[in-house]
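Some notes on the structure that comes next.
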Amino acid sequence: SLSANLGILQLNNPSSLNALTLEMIRSMTPILKQWQKTGVRATLMVGTPYEKNGKTKPAFCAGGDVKKVYLAGIGKEDNKSLTADFFREEYQLNHMIATQAPHLPQVSIWDGVVMGGGVGLSVHGKYRVATER
């Protein structure tokens with residue numbers, strides 16, 4: 001979403017601690033490309049909190065959706081190319097984030113779980129803000 005000149009990317013897969021899916025990668029990539037060409041001044045990346053035992057818990061991103069990638073790799077998913085597509089497109093997205101123009105910094109809020117693909121999405125950006133959680 002956009003708020004003034006700030007592009008906000010919210011990872012929204014709370015049932016799996018915002019594990020990164022191919023669909024999420026494919027939705028973020030064109031948005032970031034568009035923002036690089038428009039008047040967006042910065043990107044904020046955050047995770048969606050999840051519910052556990054009636055309490056809201058933070059989560060940035062628990063990494064890639066390894067279950068889907070694994071099942072595709074052993075032929076138990078309809079999309080046989082999912083494994084190769086996932087890693088290729090995730091790394092392309094990471095590269096795009098890493099090579100963004102200096103006038104478009106990315107700030108990632110590490111609140112809660114941050115692993116694997118979540119690190120990849122955020123460590124290539126200019127800033128990371130980690131909470132005690």
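With point charges of +1 on the Cβ of Lys and Arg and -1 on the Cβ of Asp and Glu, referenced to the Cα centre of the chain, which listed residue (VAL113, LEU44, LEU9) lies farthest in the positive direction of the dipole?
Going by the charge dipole, the pick is LEU44.
Would you mind telling me which residue in ALA19, ALA84, ALA62 has the biggest mean-square fluctuation in a Gaussian network model of the chain, where springs connect alpha carbons within a distance under 10 angstrom?
Result: ALA84 has the largest fluctuation of those listed.
First select every other residue whose beta carbon is under 15 angstrom from the beta carbon of LEU104; then total the charges, Lys and Arg +1, Asp and Glu -1.
Combined, the nearby Lys, Arg, Asp and Glu give +4.
Of all beta bridges DSSP finds with both residues in segment 1-93, what is the antiparallel percent, to the nearest 5?
Bridges in segment 1-93 are about 40 percent antiparallel.
Under a point spin-label approximation (7 Å from Cα along Cα-to-Cβ), what is the LYS57-ALA98 distance to one decimal in nm?
My value for the distance between the label points is 3.2 nm.
Heads up, I need the accessible area for ILE31: 1.4 angstrom probe, whole protein in place, Å², nearest 10.
Taking all protein chains as shown, ILE31 has close to 60 Å².
Which of THR21, THR83, THR38 moves most in a GNM of the chain, Cα contacts under 10 Å?
Highest fluctuation among the options: THR38.
If you count only protein heavy atoms and use a 1.4 Å probe, how large is the accessible surface of ASP85, to the nearest 10 Å²?
Near enough 20 Å² of accessible area.
For ARG88 and VAL129, calculate 0.36 nm times their separation in residues minus their Cα-Cα distance, and state this gained length in nm to one decimal.
Full-extension gain reported as 12.1 nm.
Take the Cα atoms of the chain, build their convex hull, and give its volume per residue in Å³.
Once divided by residue count, the hull of the chain is 108 Å³.
Compute, for SER1, the solvent-accessible surface of its heavy atoms (probe 1.4 Å) with the complete set of protein chains present, and express it in square angstrom to the nearest 10.
Accessible area of SER1: about 90 Å².
Name the residue farthest towards the positive end of the dipole of the chain from the options VAL66, VAL123, PHE86, assuming +1 on Cβ of Lys and Arg, -1 on Cβ of Asp and Glu, about the Cα centre.
Highest projection toward the positive end goes to VAL123.
For the chain, with all protein chains present and a 1.4 Å probe, just round the carbon and sulfur fraction of the accessible area to a whole percent.
Of the solvent-accessible surface of the chain, carbon and sulfur hold 56 percent.
Once you have a ≥ b ≥ c as the square roots of the Cα gyration tensor eigenvalues for segment 49-93, tell me rounded if a/c is under 1.5, and otherwise prolate or oblate according to whether a/b is larger than b/c.
Oblate.
Over segment 10-133, what relative contact order in percent results from Cα pairs under 8 Å that are six or more residues apart?
It comes to 31 percent, rounded to a whole number.
Of all GluC sites (Glu not before Pro) in segment 72-133, which ones are in loop regions per DSSP and have a Cβ with at most 15 other Cβ atoms within 10 Å?
Of the GluC sites (Glu not before Pro), the ones in loops of segment 72-133 whose Cβ has at most 15 other Cβ atoms within 10 Å are GLU132.
The values are calculated or read from the model by the stated rules, or taken from the named source; none is laboratory data. The structure presented is a predicted model; accordingly, all values stated were derived computationally and were not measured. Please note: Cβ atoms are built from the backbone with ideal geometry, for glycine as well, and neighbour counts cover all protein chains shown. Remember, those area values only see protein heavy atoms, side chains included, never the ligands or the DNA or RNA. Shrake-Rupley method; radii C 1.70, N 1.55, O 1.52, S 1.80 Å.
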